[in-house]
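Only one structure is covered here, and it is reproduced in the block below.
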Amino acid sequence: MADESEEEVREQLKAALWFAVGKMVDEETLRRNRNVTPQFIGALTEMVWAQIENVALDLENFSRHAGRTTINTDDVLLLARRNQDLHAIIKDFVDKQKAAKAKGKSKR
């Protein structure tokens, strides 16, 4: 029973991803006056799904290696370490969030 519900959730997530990818592709094709096939959207969705699975596994492994059961921003920054621009954007966002949180606590 648990496997069934897990599989149902997986299929719902994939359907939501397919819808989101399809919507983005449709917007882009209209903007560029191009056409794509449903097979293209399906293949792109599968590629994005595979990438999401890989990212999720990497984040889980980073967290586990650090002796934690919860993924945190350090894991995300570690994942982005090979893409300097992405790492800088994420680091800047995290730093701003931490500063805002610290500022909120100091007002109390």
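Per-structure values
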quantity	calculated
Filtered residue count, the stretch 18-53, keeping only those that are closer than 20 Å to Leu77 by Cα, surrounded by 11 or more Cβ atoms within 10 Å (Cβ to Cβ) and out of contact with any helix residue (DSSP H, G or I) (no Cβ under 9 Å at 6 or more places or on another chain)	0
Test: residue in the stretch 60-80 that is open to solvent by 90 Å² or more (accessible area, probe 1.4 Å) and closer than 26 Å to Glu27 by Cα	no
Test for Asp85: is it open to solvent by 60 Å² or more (accessible area, probe 1.4 Å), modelled with pLDDT of 95 or more and either closer than 19 Å to Ile52 by Cβ or acidic (Asp, Glu) (or both)	yes
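The values are calculated or read from the model by the stated rules, or taken from the named source; none is laboratory data. What you see is a predicted model, and the numbers here were worked out from it, not measured in a lab. FYI the Cβ positions are ideal-geometry reconstructions off the backbone, even for glycines, and counts take in every protein chain you see. Accessible surface is based on the protein model in full, side chains and every heavy atom, while ligands, DNA and RNA are left aside. Shrake-Rupley method; radii C 1.70, N 1.55, O 1.52, S 1.80 Å.
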